[in-house]
Every structure is written in structure tokens, then in C-alpha cells.
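The values are calculated or read from the model by the stated rules, or taken from the named source; none is laboratory data. This one's a predicted model, so the numbers in the text were calculated from it and none came from an experiment. Note that we place each Cβ from the backbone using ideal geometry, even for glycine, and neighbour counts take in every protein chain shown. In case anyone asks, the SASA skips ligands and DNA or RNA and just uses the protein heavy atoms, side chains included. Shrake-Rupley method; radii C 1.70, N 1.55, O 1.52, S 1.80 Å.
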Amino acid sequence: MTVAVITGAASGIGAGLAREAARRGMQVVLADRDAIALESVAAGIGTCAHPVVTDVTDYAAVDALATLAFDRFGAVDLLFNNAGVMATGLSWEIPADKWAASWKVNVDGILNGLRAFVPRLIAANCPARIINTASVGGFLPSPLMAPYSATKFAVVALTEALAGELKMLRSKIEVSLLAPGPVKSDIFRDPPPQAAEQFHGVMTSMLAQNGLEPDAFANRVFDAIERGEYWIIPQPEAFDQGFTARTETIAKRQAPIFYGVEGNE
Ligand SMILES: NC(=O)c1ccc[n+]([C@@H]2O[C@H](COP(=O)([O-])OP(=O)(O)OC[C@H]3O[C@@H](n4cnc5c(N)ncnc54)[C@H](O)[C@@H]3O)[C@@H](O)[C@H]2O)c1
């Protein structure tokens, strides 16, 4: 039996990953703080779906999730630390509690997943994979979403450090960094502050028009997992050019380029 645990599974990418895991014959533990949406996604999947209402910012809740998964199935093969939130606005105007919420969900949420699951996975001494969701935005910072860019950069760094530590310990746990490009989801659900209204509108319609369907996206993710990839970048068209250009500007000590910002393209 293969068991996948997925946080942020009640919507968008997480729900797509949960459906794809089930299609591939896995038992799926779906975790999310949104109880109603979680039940609905789990009901759509059927008997191999096991919804557990969990707030990833609450270590005790994530620890209880790990206990439940190991007690029920005896093992966890795939852990997707996927829950994440967006915050838009001018960096100095975004309220401190919004900044803090971004760190709490996007970074501490993943840390809580690691604290709860890694010791159990090490003790089990079986092959497993941890997949942390960052973003293309974790490599390419954007104006008007600084809390998102900063926390996703942190996820990229944390995940690489984790992979090194597990290698040092000769653990059987593998690690992947997932960097989605645009995928249809509700990530821009919060109304924007005035300074980011236009940006928010552009991003919302870009996701609706050009975003990949979550299930098609999830299919690419599981194929990459089967290939054993560390860098899971399912939409290279949203990554390669920008990443190369940014890396070059740093190597040449040039100022950053901000696409879409007048006088800077
Ligand atoms: N959709 C995209 O285009 C895109 C691009 C790059 C990265 N991502 C990343 O993908 C991940 C999933 O985002 P999505 O686009 O599916 O967004 P989404 O908002 O549709 O889904 C995120 C889910 O996370 C849950 N969640 C939020 N805070 C939580 C908490 N404290 N505890 C438990 N669950 C919580 C929400 O309830 C929601 O169900 C995020 O990490 C996001 O940053 C998304």
C-alpha cells in the first residue's frame, strides 16, 4: 500500500495532487484548515480519501495528523507540504499580521510538517519522499507580493538544507522542491489593498486564462516523482527564461529586471 499525506488539500494544487494520488492507487490523507471544502474534495475521491482537518500553523495539530497517518497505515510514502497563502500590496504597507501569517503558513507550516513527520520516517527506515511546495516565485521575486516571494525563497533554502541533512544521515528519505507556475486555484481569494488592485486583477485573470488545470499539473508532478527528481518544475515555460535572466543579472552585478514595470524591461 502506498500512502500520501497532502496539506492544503481542500483546493487547487493540493486537491489535484490528492485526486492524482488516488488515481494512482494510493491511500490519501487530505489535510486542510477548511473543513467544508476538505470534506467535499474527499467525498469526490471516495473511500481511499481520509480527510483530517488540520491547521499547519499549529504544531500539535500537525503532530496529531502524523500520529493518525502512521497509526492507521503504518507508513507514509509521500508527504506533500503544500499549504500556502498569498499576500499582496506594497511591502511597507502590508499589515504586520498579514506578513506574519505568510511566514506562519508558508514556512512554519512546512517546518511543522518536518518536525512531526521526519523523526517518524527516520524511525520507520523505509523509502519515502517529502515534497515541499515553493513556487516559480521562490526564484523570481515580484513587486507587490513581497511576503509571498520572501517566504517562497525561504522554502527553497529550507528544502535544500533538509535534503543535505538527510543525505548526511544516509537516510532513505528523498526530498523534492516543487515550483509551480500558474495553476488554476483560489490562491488570490483575499481582496487586495488599493495599491495592488490592478496587479491582483491581472494575476487573477492570468491564472484563470493561462493556469494549468490542477489535475493535469498533478499528473506531471507524480511523473516527476516517479523519475526521482529533486527539482520538480512542471512548467519550464514559466521558469527557464526568467531564471536564466535573473541568474545572469546577479553574475554580472546588474540591477534586477522587473517585467511589466515601466522603464525597467
Ligand atoms: N496556483 C498557483 O498558480 C501557484 C503557483 C505557485 C505556487 N503555488 C503554491 O501551491 C500551493 C497551493 O496553492 P493553491 O494555488 O492550490 O492555492 P489554494 O488557495 O487554492 O489552496 C491552498 C489551500 O491551502 C489551505 N491552507 C491555507 N492555510 C492553511 C493552514 N494554515 N493550514 C492548512 N491548510 C491551509 C487553504 O485552505 C487551501 O485549501 C501553495 O503553497 C502556493 O503557494 C501555487
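Counting 0.36 nm for each residue step from Lys172 to Arg24 and taking away their Cα separation leaves a gain of 51.1 nm. Keeping every protein chain present and rolling a 1.4 Å probe, give me the accessible area per residue for region 1-147 in Å². Ligands and nucleic acids excluded, the result is 39 Å² per residue.
Cross-link pairs exceeding 25 Å in C-alpha to C-alpha distance, out of Lys98/Lys167; Lys98/Lys152; Lys104/Lys167, comprise Lys98/Lys167; Lys104/Lys167. Annotation: the antiparallel percentage among DSSP beta bridges lying fully within region 3-251 is about 0. Does the chain come out rounded, prolate or oblate, given a ≥ b ≥ c as the square roots of the eigenvalues of its C-alpha gyration tensor, rounded meaning a/c under 1.5 and, failing that, prolate meaning a/b above b/c? Because a/c hits 1.5 or more and a/b exceeds b/c, the chain counts as prolate.
Among rounded, prolate and oblate, which fits region 205-248 when a ≥ b ≥ c are the square roots of the eigenvalues of its C-alpha gyration tensor, a/c under 1.5 means rounded, and a/b larger than b/c means prolate? Working shown, then result.
Details: a/c = 4.17, a/b = 1.09, b/c = 3.83.
Cα axes put region 205-248 in the oblate bin.
A 1.4 Å probe over all protein chains sorts Met145, Met203 by accessible area into Met203, Met145, starting with the largest. The simple Förster model, with R0 at 30 Å and r as the Cβ-Cβ distance, assigns Ala208 and Ala43 a FRET efficiency of 0.75. Computed from the C-beta positions of Arg115 and Glu229, the FRET efficiency with R₀ = 25 Å rounds to 0.50. Could you list the trypsin sites (Lys or Arg not before Pro) in region 185-250 that lie in coil according to DSSP, counting only those with at most 16 other Cβ atoms within 10 Å of their Cβ? The qualifying sites are Arg189, Arg227. Extending 7 Å from Cα along the Cβ direction at Asp58 and again at Phe73 yields two label points whose distance is 2.2 nm.
Computed from the Cβ-Cβ distance with R0 of 25 Å, the FRET efficiency linking Met1 to Ala35 stands at 0.45.
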